[in-house]
Amino acid sequence: MDARAEGLGLGSIQEINALPREVAEALYARLVPEELLDRFGIDPSTLCGRAGARLVRVTAPADKPWARVEVRSSLEDRDPALLVDVEMSPLSVPELAFVQITDPTGPRFAIDRDPDGRDTLFGTSARNVDEERQAMQLGLAPGQVRRGLRLLSRVLDAMESFCSLIGKEIYLIEPLFYHSAILYERRGCGYLMGRDVMEEIHAGFCAGGRLAKALDGSSEFRRPEAAHTVRGRSWALHDGIVEGGWGGRAGPGLSGVKMYKAAGRLAGVDTFPGAPY
């Protein structure tokens, strides 16, 4: 139900953040799929697990246009099983700025720290190549410290429901990696900008394309067969076969790709038709 119909009169994340703490937390808890709460035995009203520990953490500064929701299976977990960052874009539209979904029982790869222990921002500002190589061999994609939980569709559904609280029928998404963009495509998201970038990448990886030619085996991330899978392409792009990052721009967040999801509608975009993940 729209928040305005509930009498809350909300129109932005800032307005949610200004609410009493317990009210704001209850609204942000809607970003957590019910399946995840059930999996970890979390009470949706108290956000506590079976042992009474608070397993859902909401960070929503009253004077900021953003919020973060973290869910853990236990207080001992190093990584959240779910981390969601939302914010209001300059267009006054909600944005799903970051999503991380991890299986706390899976093996962990330290791709988030360089060999000296410095933060790599999940490999976007620096790299731990040895850890990335092991992660790739186990079937992970760039940016993953652990395997996922196959809950991305549910997270996007929850985001859509959350947006209805502030009367919005569309939200934006910033894909951090190539494979992220493809996964969002397959869940009905379209491109606000950057579809041409994705189509150029696809053409480049096709037979005779410049990216296919760059898969010369010079590193484990650049094997010729990488052209045929979403994950393989993503690792090759992460390894720098396109100057300036996976979308051909300099630095994270500047890939030239911005996506959107409209409530109840599928964009029907497929820039890597029929490809296995």
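The values are calculated or read from the model by the stated rules, or taken from the named source; none is laboratory data. Everything numeric in this text was worked out from a predicted model, so none of it was measured. With ideal geometry, Cβ positions are generated from the backbone for all residues, glycine too; neighbour counts draw on all protein chains shown. Accessible surface is based on the protein model in full, side chains and every heavy atom, while ligands, DNA and RNA are left aside. Shrake-Rupley method; radii C 1.70, N 1.55, O 1.52, S 1.80 Å.
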Can you give the accessible area of residue 15, probe radius 1.4 Å, in Å² rounded to 10? 80
Label selected from [x] -0.27, -0.91, -1.04; [y] -0.22, -0.84, -1.00; [z] -0.45, -1.29, -1.36, the criterion being log10 I(q)/I(0) by the Debye sum over Cα atoms at q = 0.07, 0.13, 0.14 Å⁻¹ as computed here: [x]
How would 57, 154, 50, 72 rank on accessible area, largest to smallest, probe 1.4 Å? 50, 57, 154, 72
Roughly what % of DSSP beta bridges within the chain run antiparallel, to the nearest 5? 95
For 261, 64, 213, give me the order by solvent-accessible area with a 1.4 Å probe, most accessible first, ignoring ligands, DNA and RNA. 213, 64, 261
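Only sites in a loop by DSSP and with at most 12 other Cβ atoms within 10 Å count here; which GluC sites (Glu not before Pro) in the stretch 71-109 make the cut?
76
Given Cα pairs under 8 Å that are at least 6 residues apart, what percent is the relative contact order of the chain? Mind dumping the intermediate values first?
Numbers: 505 pairs, mean separation 45.0, N = 277.
Normalised by residue count, the contact order of the chain is 16 percent.
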Can you give the local net charge around residue 17? Use residues other than it whose beta-carbon is closer than 12 angstrom to its beta-carbon, Lys and Arg +1, Asp and Glu -1. -1
What accessible area per residue comes out for the chain, rounded to a whole number of Å², with a 1.4 Å probe? 47
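Once neighbouring chains are kept in place and the probe is 1.4 Å, which whole percent of the accessible area of the chain is contributed by carbon and sulfur?
Values: 6560 of 13060 Å².
Of all accessible area on the chain, carbon and sulfur atoms account for 50 percent.
To the nearest 20 debye, what charge dipole does the stretch 25-152 have about its Cα centre, counting +1 at the Cβ of each Lys and Arg and -1 at the Cβ of each Asp and Glu?
Computed charge dipole of the stretch 25-152: roughly 200 debye.
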Ranking by accessible area, most exposed first, for 149, 266 with a 1.4 Å probe: 266, 149
Checked the stretch 49-125 with the C-alpha gyration tensor, a ≥ b ≥ c its square-rooted eigenvalues, rounded below a/c of 1.5, otherwise prolate if a/b is larger than b/c and oblate if not; verdict oblate
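Hey, what did the stretch 129-219 get for relative contact order, percent, Cα under 8 Å, at least 6 apart?
Working: 26 pairs, mean separation 11.8, N = 91.
Once normalised by length, the contact order is 13 percent.
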Run the paramagnetic zone check for residue 105: 7 angstrom along Cα to Cβ, then residues of the stretch 28-54 with backbone nitrogen under 12 Å. 39-40
